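This report concerns only the one structure given below.
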Amino acid sequence: MTIGLEPCCEIDDAGLKRCTDEQLLDAIGRRNERALLEVHRRYWSWAHAAAQRHRNTAPADAIDDAFFDIWKQAAAASRSILPARLWIVGMLDRSLARHQS
């Protein structure tokens, strides 16, 4: 993640849609719930497919838990050398793997 990113200044849904994943993770790390909803919107389909691959018996619950893990760990993303997209899908995949049936 790049240091010194401009924060997403626009908190409305249209503004968040223009934010990069890095900006959204930064906003989630500062506890912006709308930023988490935007990440959820962007990555829900990926998470659903991953839940199917991991054969989660309750995929909706597993996906909710996975996004909650992102909420809890987003502040640590700024210390990661991974691009935000890889950090997000890695967190989702790791969390969904823990919920395997």
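Please treat every number below as a calculation from the coordinates, not as lab data. The shown structure was predicted, so the numbers you read here are calculated from the model rather than taken from an experiment. No Cβ is skipped: glycine too gets one built from the backbone with ideal geometry, and neighbour counts run over all protein chains shown.
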Step by step: first the residues of the stretch 30-53, then only those that are crowded, with 17+ Cβ neighbours inside 10 Å and in contact (Cβ under 8 Å) with a residue 40 or more places away in the chain, then the one that is nearest to the chain's Cα centre (by Cα). Which residue is that?
39
Mind listing whichever residues of the stretch 54-101 are surrounded by 15 or more Cβ atoms within 10 Å (Cβ to Cβ), basic (Lys, Arg) and not in a helix (DSSP H, G or I)?
none
